Amino acid sequence: MNILFVTSDFSDTPTLHVYDDLEKAVMKLANCKKIPPEELDGKSLYASTADIMPKVDWVIFYDFELEKRDLKIAFSASNKRYCKVATYVADLQRWPGDYVIHLNDRYDALLMMYTHLGAALDFKDRKRRRGMNIVPIRPDYYMRNLKRPYFHLAACVNPELFKPIDRPPRYDVTFLGATGYSCYPLRDVIWKELTELSRNEKWRILKKTSPWGASLNRSISKLHGKGEIVGARYAEVLALSKIFIFGTSIFKYPLLKFPEAMACRTCVLADVPLGAEDVYLEPNWNFVSINEKNWKSKLKYYLTHDREREQIAQRGYETVMKHHTTEVRAKQLVDWLEANK
């Protein structure tokens, strides 16, 4: 099978590097080529790929990147579609009605990190994303309205980066991530109360918000220079923490944070995401389920019951090694693309 990735190099980009790791794993299993999307800017997709990779079966984009960089690629310039086109789909929450129409119209298949949605953002001024309202939505909205086949590209990690470290823990509890009550109510409560709680309990904590800026514009190497906890430094912090605590947001996504921490054999405390069973997340088995009312009591319990915490962390580690490494996901993806080409 022949795959052309029309994607940028995300290896130095926080979070998005997961796609770069996945593509490298896919390249070991199929005949692949990769070019930056700028190479097709202003051109016809089908006419261009005929020269770049004549026998291509699949062309894979990252739709978010095309939109943010305002790249103009003619997807339907030719009636002769001799290859299929797929896109990575990460964020579902932006005015889903319009986004579903866009995905159905443009692509032949969707590679979806998430399949369910807990809430949606509706902007009065959608072009400038101003006047945001949070609106309720059926969790299965996408599954009911998408007309294209999809592959559940659930969050996965590179075990060469996210792995246990054979050193004593440096932190009892670590909180790293974006905050703000409108989107992250559980995180907001934890952020405001964790410092005082830890001082009273004499816990060693690390508490820091995510670096500011859009994903595409952030660089791991530059953020390292500013003291931010990203890349290998982020993986090391997770591995040296007894507990990693966070909230999934109002969107209830099974975030990348789950397998990142679990791969480091660190105990995860978080609320239960939508579709937890689809990604082998079992509350109080391979992670600890919390909410705004009980997170303190559960944090205290698992920091004073080492054996139970370590058992949960071990089961989380085994879950990721079996189901959520880049190698596992790459094999699943290649098999799916082969069956649907």
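Numerical summary
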{"item": "Alpha-carbon radius of gyration plus Dmax, which is the widest Cα pair, for region 171-323 in Å", "result": "14.8, 42"}
{"item": "Degrees between helix 326-340 axis and first principal axis of the chain (Cα, 0 to 90, nearest 10)", "result": "30"}
{"item": "In nm, spacing of pseudo-spin labels at Asn104 and Lys55 (7 Å Cα→C-beta vector)", "result": "3.6"}
{"item": "Within straight-line cross-link reach of Lys147, lysines at Cα separation under 20 Å, skipping those fewer than 8 residues along the same chain", "result": "Lys84, Lys341"}
{"item": "Cα Rg, Dmax (largest Cα-Cα span) when computed across region 272-341, Å", "result": "16.1, 53"}
{"item": "Cα Rg, Dmax, the chain, angstrom units", "result": "20.7, 68"}
{"item": "Between helix 185-201 and the chain: long-axis angle, C-alpha atoms, 0 to 90°, nearest 10", "result": "30"}
{"item": "Full-stretch length increase - Lys293, Leu197 - with 0.36 nm per residue and alpha-carbon distance subtracted", "result": "33.1 nm"}
{"item": "Alpha-carbon Debye profile of region 3-57, log10 I(q)/I(0) at 0.21, 0.24 Å⁻¹", "result": "-0.82, -0.97"}
{"item": "Antiparallel DSSP beta bridges within the chain, as percent of all bridges there, nearest 5", "result": "10"}
{"item": "Pairs from Lys33/Lys226; Lys207/Lys300; Lys208/Lys331; Lys226/Lys293; Lys208/Lys242 whose Cα-Cα separation, in the structure shown, is over 27 Å", "result": "Lys33/Lys226; Lys208/Lys331; Lys226/Lys293"}
{"item": "Ranked list, fewest to most other Cβ atoms within 10 Å of each Cβ, for Cys267, Cys83", "result": "Cys83, Cys267"}
{"item": "Contour excess over end-to-end distance, with Cα ends at Asn133 and Gln332 and 0.36 nm allotted per residue", "result": "67.9 nm"}
{"item": "Residue order, fewest to most surrounding Cβ atoms within 10 angstrom, among Val6, Val26", "result": "Val26, Val6"}
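Since every read-out is calculated from the coordinates, none of them should be taken as a lab result. Note that the structure is a prediction, hence the values are computed from the model and not measured. Methodologically, a virtual Cβ is constructed for each residue, glycine included, from the backbone with ideal geometry; neighbour enumeration extends over all protein chains shown.
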